[in-house]
Structure formats: structure tokens, C-alpha cells
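Quick note: the coordinates plus some simple rules give every number you see, no bench work behind them. From a predicted model like this one, the values you see are computed outputs, not experimental measurements. Please note: Cβ atoms are built from the backbone with ideal geometry, for glycine as well, and neighbour counts cover all protein chains shown.
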Ligand SMILES: Cc1cc2nc3c(=O)[nH]c(=O)nc-3n(C[C@H](O)[C@H](O)[C@H](O)COP(=O)(O)OP(=O)(O)OC[C@H]3O[C@@H](n4cnc5c(N)ncnc54)[C@H](O)[C@@H]3O)c2cc1C
């Protein structure tokens with residue numbers, strides 16, 4: 001007999017769950033989402049090609065590393081290919097600046113602590129039950145790492161790895177250890193000299209609106225019933241199955257009367273706080289404990305082309321004053337790479353073209369602001385330019401600034417972004433542990 005399964009949420013998790021269940025003929029799958037599109041937070045927006053040099057941008061999820069094998073398989077099944085890019089980061093400004101592109105003073109200054117952190121991660125691995133559950137901030141303090149090294153380097157890098165924003169100090173140290181040591185999780189090798197290796201390989205994603213549209217069409221062919229603009233308002237679980245209350249929903253408004261429908265089983269693929277709300281009083285203590293352990297704060301992502309704003313808070317342009325001494329041939333090569341006139345390559349850029357930016361606020365160095373130069377990062381911009389071409393002028397670049405945690409709005413410098421250069425803005429829930 002067919003088993004009726006409802007999946008709530010048609011983001012990456014719900015779509016992947018539906019694709020897996022659709023392979024088994026014993027399931028009749030219904031995928032439900034309140035939004036009018038599939039893909040959830042993974043969205044794309046159109047761009048003015050004549051100004052920005054590409055017709056679209058993935059404005060939330062942009063890329064991943066080679067560990068995203070499962071995601072890449074899905075892309076390829078629908079004719080899309082993730083594109084390699086050699087990652088360049090630029091963290092901090094002035095004396096707090098560091099990068100993985102050329103040797104710099106901050107990395108040299110913390111060279112002993114970088115080596116020590118590798119030893120500490122080995123301790124965390126072997127004393128996992130005790131040290132692993134401690135927050136990263138406790139481990140950094142316990143092993144007497146300097147505040148500068150902790151805030152300017154470790155926490156910023158981990159925030160980039162995990163997307164945990166200002167809550168990164170509270171992440172369990174087991175995650176820090178796994179991210180560097182676990183072959184299934186690690187994004188890059190730990191570099192005992194520089195922490196982050198020189199130009200490691202990342203991948204940028206295809207147009208995610210198109211990919212999720214095609215994946216949805218493929219699932220419909222396989223018999224998945226996809227219901228968009230449909231809000232699940234109540235979940236009731238009983239002996240005869242799961243009863244969902246469904247409410248049609250359009251442009252933020254409920255439309256028509258709610259209806260109920262019974263399913264044999266349910267998979268909730270929504271953020272933890274929303275899942276807990278959906279289960280309400282019916283949640284078991286275990287569900288309440290696990291789902292309640294994750295909190296989300298709202299962050300504001302502004303997509304813009306205000307390169308002056310970027311220049312004021314980040315080191316977005318190569319400056320020889322930022323370089324440390326070229327004491328080895330490897331360092332000389334890195335400096336020679338960084339100082340050349342930028343040229344597009346299939347897998348990134350020749351010259352200093354940072355993609356990921358981060359800085360901590362002067363008034364509170366434990367809090368960060370994130371930035372992306374999407375024109376340097378996402379492959380469609382380089383494809384449109386062609387290979388070995390100079391970049392577009394800075395003020396045509398598509399940039400993103402992410403202000404974290406709206407409870408700390410007093411730190412945000414959003415009013416310094418020229419409003420005439422704003423392309424779009426989105427308020428997203430950002431994960432906290
Ligand atoms: C700014 C930002 C940048 C990011 N960048 C990257 C990146 O570069 N690379 C990367 O790998 N990851 C990135 N992430 C993380 C990535 O977005 C998430 O891990 C992923 O999209 C989560 O997918 P999901 O399916 O779990 O949830 P979601 O995408 O949130 O999907 C949940 C779905 O559930 C629906 N829903 C919720 N409640 C209901 C309800 N009651 N009824 C019906 N439907 C409901 C929602 O509408 C939504 O479509 C980023 C996240 C953010 C916020």
C-alpha cells in the first residue's frame with residue numbers, strides 16, 4: 001500500500017528529501033512550501049548586464065568546497081556544473097589586515113599561535129568528550145591564545161567556514177577540530193604557517209533559481225506533488241497519522257479558507273525554530289530540547305555597488321605596504337602574483353581580487369561584519385568577460401554586505417552605503433548555536 005509522506009519546506013533539505021523518497025515507489029510524496037518558488041534560501045536575482053557584466057546573481061547561497069559532493073551530483077543530474085575558483089580572502093584593515101594571497105604582518109605576528117592552535121586541535125580530538133563540548137571561546141581562553149589572534153583570525157575564519165556570524169565564539173570546539181581534521185568535513189588543509197592555505201580551491205554554484213526550477217520539474221515527472229504558496233499552520237500527530245492544516249498563501253497574505261489533510265508520515269525540512277513552532281505543544285521533550293538548542297537572529301544582507309564603502313572598511317585593493325618581507329622564494333612568488341594587473345582566469349583571478357571579506361568592529365572586536373565581492377567570486381562574471389581580461393571598474397562590481405544580528409543594530413554602518421547604489425536587500429535568519 002502507498003505510504004503518503006508530507007515534506008514541509010522545499011529548500012535544499014526538502015528538495016533533496018523528496019528526490020530520495022521519489023526513487024521508492026512505495027511513497028506518495030507531497031512537498032509543501034509557503035513560498036512561490038522552490039529552493040528556500042538559495043535564490044538568484046536578475047542584474048542589469050550592461051552595468052554589472054552578468055545577468056544574474058546568486059544572492060544568498062554562493063558556493064561551497066569539494067566536500068559538497070551530494071550537491072554537485074544533483075547539479076550534474078540536471079545539466080549544471082559547479083565552477084572552480086581559487087579563494088582569496090581579505091580580513092580586517094590596516095594593522096588588523098590579513099589575507100591568504102600574500103605574506104602579511106598579522107599572520108607573521110601570530111605565527112607561533114597558528115602552530116600552537118594545531119597542537120590544541122589535536123588535544124581536542126583526543127579529549128573530545130571533555131574539550132569537544134566546550135565553546136571555542138573557552139578553549140581559546142583556556143589555552144591562553146591572545147585576544148587579537150582569537151578575534152582577528154580564528155573566529156573570523158570559523159565564521160566564514162560555518163556561517164555562524166557573531167555567535168561563532170559559542171560554537172562547540174569539536175566543530176573547529178572537525179573542520180580542520182575530518183576528511184568528510186574539512187574545507188581546506190590546516191596550514192601551520194599561515195592558518196588558511198594560499199588560494200585553496202572552492203566552487204561557485206550555477207544559477208540556483210534555474211537549478212531548483214528544473215529539479216522541481218524533474219520531481220513532478222517522478223510523481224511528487226509540489227504545492228507552493230501553501231502554509232502549514234498546524235501539525236497534529238495521532239495514531240492514524242499526521243494531520244496538517246494547510247492555508248493558501250500569496251505575497252505575505254493568507255487567501256481562502258484553511259483545509260486539513262492526513263498523511264501517514266511527515267518530514268519537516270524547515271529551520272529548527274520554525275519546526276519547533278509547527279510542532280507546538282505536541283512536540284516531545286526530546287524534540288523541544290533539540291530544536292530549542294538552536295536560535296536564529298535576523299541579519300541584513302545589502303547587495304550594492306558602493307565600492308567606496310568597501311574601500312573604507314576593507315583592504316580591497318593591493319597595496320605593497322600590506323606585504324610582509326619576501327624572505328623565501330614562496331613569499332616572493334606570492335607577492336609577484338598579488339601585485340600583477342588583475343586578469344580573469346577560468347578558476348579565479350591573477351592578481352589580488354578578494355572574494356570574501358570580514359572585519360571586526362573597533363568598538364567591539366568580538367563582533368563582525370561580512371562582505372563579498374560577488375563579481376570576483378561568482379563564475380558568470382568571469383565567463384562574460386572572457387579569459388585573461390581585466391576586471392570591470394570597481395564601481396560596477398556587485399558587492400554584498402551582511403550586517404549580523406539585528407539586536408546589535410547600533411554597530412551597523414548601513415547608512416554609510418550610498419542608497420543610489422543598492423541593488424537589493426534581504427533580511428535572513430542567521431544561525432546561532
Ligand atoms: C546569507 C546567507 C548566505 C549563505 N551562503 C551559503 C553558501 O554560500 N553556501 C552554502 O552552502 N550555504 C550557504 N548558506 C546556508 C544555506 O542557505 C542553508 O544551509 C540552506 O539554504 C538551508 O536549506 P534548508 O532547506 O534547510 O532551509 P531553507 O532554505 O530555509 O528552506 C526551508 C523552507 O521551508 C519553508 N517553510 C518554512 N515554514 C513553513 C511552513 N510553515 N509552511 C510551509 N513552508 C514553510 C520556507 O519557505 C523555506 O522555503 C547561506 C545562508 C545565508 C542566510
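Quick notes on this one:
- Projection of the Cα convex hull of region 81-217, averaged over all directions and equal to a quarter of that hull's surface, yields 9.8 nm².
- All C-alpha to C-alpha distances of region 264-318, sorted into 5 Å bins beginning at zero, yield P(r) values of 4, 15, 17, 14, 7, 6, 8, 9, 9, 8, 3, 1 percent in whole numbers.
- Kirkwood-based shape ratio for region 305-361, expressed as Rg/Rh from alpha carbons: 1.00
- Geometric descriptor of region 320-420, per residue, is 150 Å³ (volume of the convex hull of the Cα atoms).
- Its alpha carbons give region 217-272 an Rg and a Dmax of 12.8, 35 Å.
- Between the alpha-carbon centres of region 92-143 and region 288-310 there is a gap of 24 Å.
- Available extension along the chain between residue 388 and residue 45 is 120.8 nm, counting 0.36 nm per residue and deducting the alpha carbon span.
- Between residue 190 and residue 282, full extension at 0.36 nm per residue minus the direct alpha carbon distance yields a gain of 28.6 nm.
- A simple spin-label model places the labels of residue 181 and residue 329 3.4 nm from each other, with each point 7 Å out along Cα-to-Cβ.
- Semi-axis lengths (Å, descending) of the ellipsoid that matches the C-alpha gyration tensor of region 39-160: 35, 22, 13
- Whole-number Å³ per residue for the convex hull built on Cα positions in region 185-263: 226
- Over region 140-281: Kirkwood hydrodynamic radius from C-alpha pairwise inverse distances, Å: 19.9
- Rg over Rh [alpha-carbon atoms, Kirkwood Rh] for region 81-151: 1.07
- Quick note on region 1-91: its Rg to Rh ratio, both from C-alpha atoms and Rh being the Kirkwood radius, is 1.06.
- Rg ratio (alpha-carbon, reference 2.2 N^0.38 Å) - the chain: 1.05
- Fewest neighbouring Cβ atoms within 10 Å first, the residues 15, 185 line up as 185, 15.
- Pairs of Cα atoms nearer than 8 Å and 6+ residues apart set the relative contact order; for region 264-408 it is 28 percent.
- Taken as Cα centroids, region 312-336 and region 207-234 sit 47 Å apart, rounded to the nearest whole angstrom.
- Largest to smallest principal axis extent of the C-alpha atoms in region 348-406, angstrom: 42, 22, 18
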